[in-house]
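Inspection log for the structure reproduced underneath, given as structure tokens.
The values are calculated or read from the model by the stated rules, or taken from the named source; none is laboratory data. Note that the structure is predicted; figures quoted are calculated from it, not measured. Glycine also receives a Cβ, built like all others from the backbone with ideal geometry; neighbour counts cover every protein chain displayed.
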Amino acid sequence: MFKISAITKSILVIFLMVLTAACSSTSTVIPKHELEALRPDSEFKIVLWTDHKDNKFKVGEDIYLNFIANRNCYLTLIDIGSDGRVKILLPNQYQKDNLAKAGYVYRIPSQSAKFTFKANEPPGEEIIKAIATLEDVSLYDQKDVRGGGPFQEFVYGADTVERGIDVKLKPVDAKRWTDNQMTIKIVK
């Protein structure tokens with residue numbers, strides 16, 4: 001038996017993720033910049049992308065998020081809006097199950113979903129943050145969010161939310177979670 005270096009493992013994992021995406025039932029291309037953004041210190045990876053190569057959406061346009069992970073995981077998607085509000089996109093009122101199977105390309109919302117993501121006013125940049133854990137870890141307390149529609153919204157701003165999530169992830173082994181993010185530009 002021979003040893004495989006961490007870099008070789010990472011390259012192999014990314015290759016397998018791209019191959020799996022290419023062989024899925026929908027034609028999917030994972031943008032190169034998304035592959036380069038992955039955490040190099042973790043063998044656990046998640047790739048996040050939209051159907052628009054430039055991630056630019058007009059106000060009112062539907063937004064579809066896609067992702068693939070190389071391990072079974074629990075995914076939380078957070079939207080830091082151009083208006084400063086922070087919403088939890090997944091899990092949500094209609095899609096409470098956030099377990100993702102390794103190697104599958106997911107599209108959120110799916111074609112059968114009872115909700116949509118719309119590019120809303122004001123124009124500007126939004127950050128979509130994906131946090132994946134191997135165990136079902138609660139990343140926030142219910143007292144920190146409020147309902148209203150299909151998506152819960154944090155009562156705090158982005159900096160406070162990120163610090164709170166960091167606290168929740170602190171006891172989790174660094175090899176048992178990963179994250180990735182992307183910027184979406186909303187234009188008129």
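Residue 164: at pLDDT below 95, of a type outside the set (S, T, N, Q) and at positive phi, yes or no? It is false that residue 164 is at pLDDT below 95, of a type outside the set (S, T, N, Q) and at positive phi.
Can you confirm whether the stretch 147-163 contains a residue that is assigned to a helix (DSSP H, G or I) and touching a residue at least 40 places away in the same chain (Cβ under 8 Å)?
yes
Looking at 161, 167, 187, just one residue is of a type outside the set (S, T, N, Q), farther than 23 Å from residue 68 by Cα, surrounded by fewer than 17 Cβ atoms within 10 Å (Cβ to Cβ) and out of contact with any Lys or Arg (no Cβ under 9 Å at 6 or more places or on another chain), and that residue is 167. In the stretch 59-75, the residue that is surrounded by the most Cβ atoms within 10 Å (Cβ to Cβ) out of those that are hydrophobic (A, V, I, L, M, F, W, C) and not in a strand (DSSP E or B) is 63.
A quick yes/no check of all residues on (1) in contact (Cβ under 8 Å) with a residue 12 or more places away in the chain; (2) of a type in the set (D, E, K, R); (3) within 19 Å of residue 74 (Cα to Cα):
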{"site": "103", "(1), (2), (3)": "yes, no, yes"}
{"site": "106", "(1), (2), (3)": "yes, no, yes"}
{"site": "114", "(1), (2), (3)": "yes, yes, no"}
{"site": "129", "(1), (2), (3)": "yes, yes, yes"}
{"site": "138", "(1), (2), (3)": "yes, no, yes"}
{"site": "167", "(1), (2), (3)": "no, no, yes"}
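Scanning the stretch 134-146 for residues being part of a helix (DSSP H, G or I) and loosely packed, with under 14 Cβ neighbours inside 10 Å gives a total of 2. Applying the condition of being in a strand (DSSP E or B) and not hydrophobic (A, V, I, L, M, F, W, C) to the stretch 164-187 and asking which residue is nearest to residue 136 (Cα to Cα) yields 178.
So, in the stretch 93-132, exactly how many residues are of a type outside the set (S, T, N, Q) and under 19 Å from residue 69 (Cβ atoms)?
18
The residue list 99, 75 contains one member that is closer than 13 Å to residue 180 by Cβ and among the aliphatic types (A, V, I, L, M), which is 75.
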